[in-house]
Amino acid sequence: MISDKMLSALNEQVREELYSAYLYQSMSAFCDFKGLKGIAHWMDMQTKEEMIHARKFYDYILETSGMAKLDTIKAPPHKFGTPLEIFQEALKHEEYITKRIYDLVDLATELKDHATFNMLQWFVNEQVEEEATASEMIDKLNLIGDHPGAMFQFDKELMTRPAPVPPVAQ
Ligand code: FEO
């Protein structure tokens, strides 16, 4: 049985993951409006990935006989900057999420909650990937600079991002 303290922290993380989805969907809407269809698509796929993260926490809460409590999700920003600034904001957000995951790992250790500690290892690895992906986009956009042809090509490439596949239940 999961402790009340851990249950509350996991419920809070469901909300953080849903906010992540909300944030990326808003970035997608902004990019679509600006005619950056490839980045809009990439952000759409990222939104789906965040929904998978939220679901993974939610399912774990139900599995451990806890009560999933869904709470208010704040509104994301609606205006963003250049593609470079958008991915910089995405990286900043992922670093924040990583910090939250690490805090959950610390809490699981403190509470000797081995099952939750084990479940969280998937997210520790996932966050390495999330930050690396955003950093890679920033590197590319720094190289592109103000070159419209290169930006056009970058946007086209991002259109090929496939839909994320939910992880196999552990
Ligand atoms: Fe769910 Fe992008 O971290």
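Details
- The stretch 66-116 shape via C-alpha gyration tensor axes, a/c threshold 1.5: oblate
- Per residue, in Å², the accessible surface of the stretch 4-158 once ligands and nucleic acids are set aside, probe 1.4 Å: 53 Å²
- For GLY145, net neighbour charge (Lys/Arg +1, Asp/Glu -1) across residues whose Cβ lies under 15 Å away: -3
- Neighbour-limited loop hits for GluC sites (Glu not before Pro), the stretch 40-116 (at most 11 other Cβ within 10 Å; DSSP other than H, G, I, E, B): none
- Amide N proximity, the stretch 126-163 versus ASP59 label position 7 Å along Cα-to-Cβ, cut-off under 16 Å: 126
- Listed residues SER26, SER3 arranged by accessible area, highest first, probe 1.4 Å: SER3, SER26
- In the stretch 68-114, trypsin sites (Lys or Arg not before Pro) in a DSSP loop with at most 13 other beta-carbon atoms within 10 Å: LYS69, LYS74, LYS79, LYS112
- q = 0.09, 0.10 Å⁻¹, the chain: log10 I(q)/I(0) [Debye, one scatterer per Cα]: -0.34, -0.41
- Net charge over other residues, Cβ less than 15 angstrom from the Cβ of ALA163 (K, R count +1; D, E count -1): 0
- Whole-Hz Karplus values for the stretch 124-130 come out as 4, 5, 4, 5, 4, 5, 4 Hz, taken residue by residue from phi with 6.51 cos²θ - 1.76 cosθ + 1.60 and θ = phi - 60°; glycine and proline positions read x.
The values are calculated or read from the model by the stated rules, or taken from the named source; none is laboratory data. Model, not experiment: these values are computed from the prediction. Don't worry about glycine lacking a Cβ; one is built from the backbone with ideal geometry, like all the others, and counts go over all protein chains shown. Side chains included, ligands, DNA and RNA excluded: accessible areas come from the protein's heavy atoms. Shrake-Rupley method; radii C 1.70, N 1.55, O 1.52, S 1.80 Å.
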